[in-house]
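See structure below.
The values are calculated or read from the model by the stated rules, or taken from the named source; none is laboratory data. A quick note: this is a predicted structure, and the numbers were derived from the prediction, not measured. Counting neighbours? That spans all protein chains shown, and the Cβs are built from the backbone with ideal geometry, glycine included.
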Amino acid sequence: DRALRIADPHDGRVGDDTGTSDRLASLCGRLPLALQIAAALLAADPGKPVSELVAALAEAHDRLDHLDDGERSVRAAFELSYRRLPPEQARLLRLLALAPGPEVSDEVVAALAGAGRPLVRDQHALARAHLVERGHTRGWWRLHDLVRVFGAGVVARAEGDAARARVLRHYLERARAADARLKPRTEDDGETGPFRSREEALAWFDAERAGLVGAVQWATDRPLARDAARLAGALGEYFEWRRFFDDAVAVCRAACAAARREGDKAVEAAAWNRMGTALRGASRLKEAWEAHQRAGDLYHVVGHDNGEAMAMANLGTILSDVGRIDEAVEAFHTALGLFRRTGDRHSEAGVWNNLAIPLRKSGRVDEALDALRAALDRYRETGDRPREGRAWHNYAVALNARGRTAEAVTACLDALDICEEFEDWHGAARTLYALGLVHETAGDAERARARMTQAAEAYERAGSPEEAEQARRAARLTGPAPTGTPTPAAPPARTAGSAPRGPRPPGAPGNAGP
């Protein structure tokens, strides 16, 4: 702003549009030299809106070429700094420009460089030269966008391909180990591998999430496609647990394209199936239906009965969502038959759990309760405690529909215990909302409102503001029973022996089964 007003005291282009000007500063990486050049370009063309320069920089194939006013050049400044670097630091700068996420951890820096340990000394040297910045926390690093553009431009193709292949192998090894910690475990198999607990595995996934998603997009490069598709497969459980549906769709789409190019129908089928689950989570049911159909067709071609059963079960879930109850029940029974044939007890549990929903909706509540007891038994057998919590939730809803409100309260509290144990805040929110409905059925409006308010808070914590608002609206609408209406006895708070406890044990999540 000062630079423009020096040329013309009445030039208010920056002050008049601070939002666009801030975007310009970001595109310049907030580097003083780049900002000076941007100001010179605007001063040389008094009629040029700031938004026009922003658009040119944002759309430029090489932003560095635009930041040149004939006397000063960002590219030339970077080139001078780069030439002064020792060879090891110059190589590291080039490779850091290839990092798949906006920030990169020490361990990924080491993978990029092919080193056995973090290159702390070189990283600190680049930071002192203002070519690299510290990230959001210790052990993480980031590059200005413009430095990244420059670095990527001086990497030889073979050097870059080798570095990205190393990162993919590193990510694949770690993601598979973390994924194994999220999967059901029927017994403690020791503290082998890099992650000693489920919590450590989730923390690693959370920290590296942006890089993992970015690395899977390398599937467009044929030499990297196979490992990128495998990495996508190792992220499915994590994305479902955290409800990162958009990320899941992005990585599955890349995996589908890579598998199709490689002619690997089994891998492509698995990717379509995971994509369908993510699309359903994002409420894109038509696309989800098409994805699961493609998965089922591909599984049938390769003779993968278990995969075909998974696709069929997921189609059943969508049929249930849209109210095609009889077709949903038929699809679930077909999937059950296939899973029994393949001996997949864990996937069978998911089908029993989801089958209960259309059964309950169609008034076949006793059959729904039988299905849920089968699901609880199999989740206990396979050690999937978090999904057992989801089954307890459905069991509570069915019990409430049957008028067994005291038992429904106990089942809700069982579900809530498991959700809190595994920090499943979305599952906790759903269960608190269900508990509010149970209290409302029992005529206890005060408790119903309290539980629905708690559900709204849990939905906010889970990152679901729309569902939070629905819960708050339900809490406001919950009132006492109409005058003259007999009020049923309120169910007791949890007491020992108030309902059969049923099976209880450990594992990982999801509303849809397989």
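State the number of residues belonging to the range 43-61 that are loosely packed, with under 14 Cβ neighbours inside 10 Å and either on the phi > 0 side of the Ramachandran plot or outside any helix (DSSP H, G or I) (or both).
5
Take the range 398-421 and flag every residue that is of a type outside the set (Asp, Glu), out of contact with any Leu (no Cβ under 8 Å at 6 or more places or on another chain) and crowded, with 22+ Cβ neighbours inside 10 Å.
Thr410, Ala415, Ile418, Cys419
Would you be able to say whether some residue in the range 302-309 is touching a helix residue (DSSP H, G or I) at 6+ places or on another chain (Cβ under 8 Å), buried (at least 16 other Cβ atoms within 10 Å of the Cβ) and within 27 Å of Val365 (Cβ to Cβ)?
Yes: the range 302-309 contains one or more residues that are touching a helix residue (DSSP H, G or I) at 6+ places or on another chain (Cβ under 8 Å), buried (at least 16 other Cβ atoms within 10 Å of the Cβ) and within 27 Å of Val365 (Cβ to Cβ).
Does Arg83 satisfy being of a type outside the set (A, V, I, L, M, F, W, C) and at pLDDT 70 or above?
yes
Restricting to the range 233-280, count the residues that are over 13 Å from the mean Cα position of the chain (by Cα), among the charged types (D, E, K, R) and not in a helix (DSSP H, G or I).
Adding up the residues that qualify gives 1.
Here are some residues: Leu319, Leu369, Leu355. Which one is at pLDDT 95 or above and over 30 Å from the mean Cα position of the chain (by Cα)?
Leu369
When Arg294 is evaluated against the numbered criteria (1) surrounded by fewer than 22 Cβ atoms within 10 Å (Cβ to Cβ); (2) touching a Pro at 6+ places or on another chain (Cβ under 8 Å), which criterion, by number, is the only one it fails?
Of the numbered conditions (1) surrounded by fewer than 22 Cβ atoms within 10 Å (Cβ to Cβ); (2) touching a Pro at 6+ places or on another chain (Cβ under 8 Å), the odd one out for Arg294 is (2).
Could you tell me which residue of the range 76-108 is farthest from Ala163 (Cα to Cα), considering only residues that are among the hydroxyl-bearing types (Ser, Thr, Tyr) and part of a helix (DSSP H, G or I)?
Step by step, filter the range 76-108, then rank; the result is Ser81.
Inspect the range 380-396 for any residue being surrounded by fewer than 19 Cβ atoms within 10 Å (Cβ to Cβ), in contact with a Pro (Cβ under 9 Å, 6 or more places away or on another chain) and in a helix (DSSP H, G or I) and give the result as yes or no.
yes
Criterion first (hydroxyl-bearing (Ser, Thr, Tyr) and out of contact with any helix residue (DSSP H, G or I) (no Cβ under 7 Å at 6 or more places or on another chain)) does Ser26 satisfy it?
For Ser26, the condition - hydroxyl-bearing (Ser, Thr, Tyr) and out of contact with any helix residue (DSSP H, G or I) (no Cβ under 7 Å at 6 or more places or on another chain) - is met.
Ala40 fails exactly one of the following numbered conditions: (1) within 33 Å of the chain's Cα centre (by Cα); (2) assigned to a helix (DSSP H, G or I); (3) at pLDDT below 80. What is the number of that condition?
(1)
Just the residues that are part of a helix (DSSP H, G or I) and either in contact (Cβ under 8 Å) with a residue 40 or more places away in the chain or surrounded by 14 or more Cβ atoms within 10 Å (Cβ to Cβ) (or both), please, taken from the range 126-142.
Leu126
Is it the case that the range 411-421 has a residue that's in contact with a Cys (Cβ under 8 Å, 6 or more places away or on another chain) and assigned to a helix (DSSP H, G or I)?
No, the range 411-421 contains no residue that is in contact with a Cys (Cβ under 8 Å, 6 or more places away or on another chain) and assigned to a helix (DSSP H, G or I).
Give just the number: which of (1) out of contact with any strand residue (DSSP E or B) (no Cβ under 9 Å at 6 or more places or on another chain); (2) closer than 18 Å to Ala178 by Cβ does Tyr299 not satisfy?
Result: Tyr299 passes all but (2).
Report, by residue number, each residue of the range 234-266 that is within 19 Å of Asp297 (Cβ to Cβ) and surrounded by fewer than 21 Cβ atoms within 10 Å (Cβ to Cβ).
Arg253, Ala257, Arg260, Arg261, Glu262, Gly263, Asp264, Lys265, Ala266
Please pick out the residue among Leu126, Leu143, Leu119, Leu112 that is among the aliphatic types (A, V, I, L, M), more than 13 Å from His170 (Cβ to Cβ) and under 25 Å from the mean Cα position of the chain (by Cα).
Leu143
What helices (runs of 4 or more DSSP H), lying completely within the range 143-224, carry at least 3 residues that are touching a strand residue (DSSP E or B) at 6+ places or on another chain (Cβ under 9 Å)?
Because the criterion is at least 3 residues that are touching a strand residue (DSSP E or B) at 6+ places or on another chain (Cβ under 9 Å), the helices (runs of 4 or more DSSP H) in the range 143-224 that meet it are 198-216.
Could you list, in sequence order, all residues of the range 421-438 that are touching a helix residue (DSSP H, G or I) at 6+ places or on another chain (Cβ under 8 Å) and among the charged types (D, E, K, R)?
Glu421, Asp424, Arg430
Per-residue answers, yes or no, for (1) modelled with pLDDT of 95 or more; (2) exposed (fewer than 14 other Cβ atoms within 10 Å of the Cβ):
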site: Ala97; (1), (2): no, no
site: Gly114; (1), (2): no, yes
site: His124; (1), (2): no, yes
site: Arg164; (1), (2): yes, no
site: Tyr171; (1), (2): yes, no
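Does Leu131 qualify as being among the hydrophobic types (A, V, I, L, M, F, W, C), modelled with pLDDT under 90 and more than 28 Å from the chain's Cα centre (by Cα)?
It is true that Leu131 is among the hydrophobic types (A, V, I, L, M, F, W, C), modelled with pLDDT under 90 and more than 28 Å from the chain's Cα centre (by Cα).
Given (1) closer than 22 Å to Trp392 by Cβ; (2) at pLDDT 50 or above, identify the lone condition not met by Ser498.
Going through (1) closer than 22 Å to Trp392 by Cβ; (2) at pLDDT 50 or above one by one, Ser498 breaks only (2).
Whether any residue in the range 150-161 is within 21 Å of the chain's Cα centre (by Cα), closer than 27 Å to Leu235 by Cα and modelled with pLDDT of 85 or more is what I want to check.
No, because not a single residue in the range 150-161 is within 21 Å of the chain's Cα centre (by Cα), closer than 27 Å to Leu235 by Cα and modelled with pLDDT of 85 or more.
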